[in-house]
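Q: Quick one: structure below, then a few questions.
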Amino acid sequence: MIVTTDQLFKLAYGKFAIGAYNINNMEQTLGLFKGHVKAQAPFIVQISKGARKYAGVKMLEAMLRSAEEMYPEVIFAVHLDHGDEATCYECIDSGFYSSVMIDASHHPFAENVAITRRVVERAHARGLSVEAELGMLGGVEEDIALDEKHALLTDPDEAAEFVAQSGCDSLAVAIGTSHGAYKFSGKQGLHFDRIAAIQQRLPGVPLVMHGSSSVPAEEVRRINEAGGSLDPAARGVDDDEFARAIPLGVTKVNIDTDGRLVWTRVHREYFRDCPDGFDFRKPGQVLIDEYANFIVHKSRKLQSAGTLPLVREALQPAFRV
Ligand code: G3H
Ligand code: 13P
Ligand code: ZN
């Protein structure tokens with residue numbers, strides 16, 4: 001069942017976080033749904049502009065509608081990840097999405113507010129909610145690369161002003177994370193003081209943590225043993241820290257890179273062990289199962305595992321898309 005993002009946030013805020021996973025293909029989609037049935041957790045499916053271009057808008061929608069039929073007990077929202085204004089409008093008008101993210105964080109504050117405000121007006125008129133971003137995450141985002149030094153943590157006062165002026169429903173905040181496999185070095189990690197200060201200025205407003213992959217060392221080791229050459233020092237967010245971020249208002253946790261690492265490990269190991277193999281369904285089946293296991297693991301860390309019956313019970317028909 002596809003539901004509004006807003007309702008999932010209301011149920012989760014302060015208690016657990018909703019995992020938001022990007023999808024690009026069928027195996028990933030099957031693993032995503034299978035994993036959430038196993039974990040008994042609600043989730044958000046994220047579609048990026050890159051995914052829309054790669055798989056095609058119609059294919060993504062058809063895949064999700066089919067998965068919804070195959071796994072009728074799942075409860076999920078469909079979200080545009082890192083949208084620009086034009087793509088937000090396309091998604092809002094399509095009638096398929098639960099929410100959109102307008103990412104105008106690379107613009108000056110006033111322009112970010114103005115763009116977000118326009119998207120909010122159009123989205124709210126159609127019953128969708130809007131995630132906006134303030135601050136600059138490190139890594140590569142919308143083709144803009146920012147190194148750790150130039151990434152800017154979200155300012156709590158500005159965050160309060162931004163939400164009041166733009167009317168956005170949730171806020172992606174820069175709190176130390178970055179996109180991709182290389183997030184932290186040395187003692188770097190999440191800035192909990194900053195999250196707490198933002199929550200104090202924005203009580204009850206769901207905060208979104210982008211760049212939340214863990215980049216497990218074991219995954220990197222296995223990829224490299226099977227012929228990859230990822231930097232063994234690659235490090236992400238310790239997923240045990242989600243538990244500390246949840247009471248501080250972090251309600252949506254975006255994870256993409258870790259799923260890509262599962263794909264890479266499965267395929268590298270398969271073709272290393274079966275160099276004469278060419279039936280793509282064999283690694284494909286392994287991927288579906290391993291992706292589902294990865295989802296179960298993340299759902300436990302996000303504390304969303306086991307909440308599905310409660311969420312189903314609490315969902316009012318009015319919130320169903
Ligand atoms: O934050 C971006 C997500 O990892 C999606 O990546 O734009 O390459 O699909 P993508
Ligand atoms: P990761 O690169 O850490 O998986 O972050 C994904 C993300 O933030 C998608 O919006
Ligand atoms: Zn992101």
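The values are calculated or read from the model by the stated rules, or taken from the named source; none is laboratory data. The model shown is predicted, which means the values in this text are computed figures rather than measured ones. Cβ coordinates were reconstructed from backbone atoms using ideal geometry, including for glycine residues, and neighbour counts include every protein chain displayed.
Q: Looking only at residues in region 27-72 that are within 16 Å of ligand 3 (Cβ to nearest atom) and over 30 Å from Ala196 (Cβ atoms), which one is surrounded by the most Cβ atoms within 10 Å (Cβ to Cβ)?
A: Ile47
Q: Give just the number: which of (1) modelled with pLDDT of 95 or more; (2) among the charged types (D, E, K, R); (3) surrounded by fewer than 23 Cβ atoms within 10 Å (Cβ to Cβ) does Glu131 not satisfy?
A: Condition not satisfied by Glu131: (3).
Q: List, please: which pairs have Cβ atoms under 6 Å, are six or more places apart or on different chains, and start with a residue in region 255-267 that is touching a residue at least 24 places away in the same chain (Cβ under 8 Å) and crowded, with 18+ Cβ neighbours inside 10 Å and end with one that is of a type in the set (Asp, Glu) and assigned to a helix (DSSP H, G or I)?
A: Leu261/Glu219; Val262/Glu290; Arg265/Glu219; Val266/Glu290
Q: Being assigned to a helix (DSSP H, G or I) and surrounded by fewer than 21 Cβ atoms within 10 Å (Cβ to Cβ) is the filter here, so list the residues in region 12-26 that pass it.
A: Within region 12-26, Met26 is the sole residue that qualifies.
Q: Where residues in region 216-232 are part of a helix (DSSP H, G or I) and acidic (Asp, Glu), which of them is nearest to the chain's Cα centre (by Cα)?
A: Glu219
Q: Please indicate, with yes or no, whether at least one residue in region 82-97 is touching a His at 6+ places or on another chain (Cβ under 6 Å), within 16 Å of ligand 3 (Cβ to nearest atom) and assigned to a strand (DSSP E or B).
A: no
Q: If a residue has to be of a type in the set (Gly, Ala, Ser) and more than 16 Å from ligand 1 (Cβ to nearest atom) to count, how many in region 11-60 make the cut?
A: 7
Q: Could you check how many residues of region 134-164 are small (Gly, Ala, Ser), surrounded by 14 or more Cβ atoms within 10 Å (Cβ to Cβ) and at pLDDT 95 or above?
A: 2
Q: Consider region 196-218. How many of its residues are on the phi < 0 side of the Ramachandran plot and within 16 Å of ligand 2 (Cβ to nearest atom)?
A: Residues that pass the stated criteria total 10.
Q: Restricting attention to region 104-115, does a residue exist that is hydrophobic (A, V, I, L, M, F, W, C) and within 18 Å of Leu308 (Cα to Cα)?
A: no
Q: Tally up the residues in region 167-190 that are more than 12 Å from ligand 3 (Cβ to nearest atom), outside any strand (DSSP E or B), among the hydroxyl-bearing types (Ser, Thr, Tyr) and at pLDDT 90 or above, please.
A: 0
Q: In region 235-247, is there at least one residue being within 16 Å of ligand 3 (Cβ to nearest atom), in contact with a His (Cβ under 6 Å, 6 or more places away or on another chain) and closer than 25 Å to His79 by Cα?
A: Checking region 235-247: not a single residue is within 16 Å of ligand 3 (Cβ to nearest atom), in contact with a His (Cβ under 6 Å, 6 or more places away or on another chain) and closer than 25 Å to His79 by Cα.
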